[in-house]
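Here the structure comes first, spelled out in C-alpha cells, and everything after it is commentary.
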Amino acid sequence: MARPTYRGDTPTAKERLREAFWGLLSHEEYGRITIKALAAQAGVNPNTFYYHYTNMEDLARDALDAEKLHEIPEAIRNSARPGSASLESALSLAAVDNRWRRIRLFVASDSPVLRRLFYETFEGLWLSLLGVDKDDLADEDALDLVFMLNGAMGVIALQGNDYDIGYVRSLPERPLGRGLIETVERLAERYRV
C-alpha cells in the first residue's frame with residue numbers, strides 16, 4: 001500500500017486517527033467503535049487506518065503510548081526523594097487534566113482489552129523504573145506490585161468525570177502513601193543493579 005500524503009504543518013493521519021479514537025471513546029464503548037466511523041471522524045480513508053494499524057487494539061495501544069505515561073512513575077518516585085518537588089507539582093506536570101481523563105477512559109472502561117492494555121503498559125513502566133524483569137521478582141514483591149497497580153487503577157476508575165486529583169496529590173502525606181513510596185523504594189533498592 002502506498003504511503004498516505006502528508007501536508008507539512010497539519011496533524012498527520014496517524015495523529016488524527018489517535019485523536020478521533022479518543023473523541024469516539026469518550027462517548028462510545030470501545031467494542032462499538034468501527035474503523036469506518038474512526039476514519040470518518042479523522043477525515044481519512046479507511047485504508048489509511050490499515051496503513052498505520054493492524055486492528056483497533058493496535059490503535060488503542062498507540063494512543064495510550066502517545067500519552068507519555070512513562071512520566072508518571074518517575075514523577076511519583078522522584079517526589080519521595082529528599083529535596084525534590086512535591087507530588088502535587090510532579091503530577092501537575094505529569095498528569096495534566098486531558099491525560100488523566102484519557103487514562104480514565106481505559107481504566108474505567110467495560111472493555112477488558114482496554115483495561116489489560118493499561119495494566120500491561122503501567123506494569124511495564126514500573127518494572128522499567130525499578131530496573132527489573134517481572135520474572136525476576138520474588139513472589140511477595142510481585143504481589144506488592146500487583147496490589148499497588150490494581151489499587152491505582154481502582155482509584156482512577158472510581159473518579160468521576162469531575163474527578164478530584166487532590167486525593168492522589170495528597171497521597172504521600174498519608175500513611176498509605178508513605179507505605180507505597182517505601183515499598184517502591186525497597187523494590188528499587190532490592191533489584192536495581
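The values are calculated or read from the model by the stated rules, or taken from the named source; none is laboratory data. Because the structure is predicted, anything quoted here is derived from the model rather than measured. Positions of Cβ are generated from backbone atoms using ideal geometry, with glycine treated the same way; all protein chains shown enter the neighbour counts.
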Original post:
Does Glu74 meet the test of being modelled with pLDDT under 95 and part of a helix (DSSP H, G or I)?
Top reply: yes
Original post:
Which condition breaks for Ser89 when tested against (1) in a helix (DSSP H, G or I); (2) modelled with pLDDT of 80 or more; (3) hydroxyl-bearing (Ser, Thr, Tyr); (4) exposed (fewer than 14 other Cβ atoms within 10 Å of the Cβ)?
Top reply: (2)
**OP:** Collect the residues in the stretch 127-136 that are in contact with a Leu (Cβ under 7 Å, 6 or more places away or on another chain) and under 18 Å from Ile181 (Cα atoms), keeping them in residue-number order.
**Re:** Leu130
**OP:** Identify, from the list Ala138, Ala157, Ala152, Ala188, the residue that is at negative phi and at pLDDT 90 or above.
**Re:** Ala138
**OP:** Search the stretch 160-171 for residues being part of a helix (DSSP H, G or I) and aliphatic (A, V, I, L, M), and hand back the single one that is modelled with the highest pLDDT.
**Re:** Leu171
Subject >> Count - residues of the stretch 102-125 that are surrounded by 15 or more Cβ atoms within 10 Å (Cβ to Cβ) and either among the basic types (Lys, Arg) or at pLDDT below 70 (or both) >> reply: 3
**OP:** Check every one of the helices (runs of 4 or more DSSP H) wholly within the stretch 7-67 and list those with 3 or more residues that are out of contact with any Asp or Glu (no Cβ under 6 Å at 6 or more places or on another chain) and buried (at least 20 other Cβ atoms within 10 Å of the Cβ).
**Re:** 13-25, 35-42, 56-65
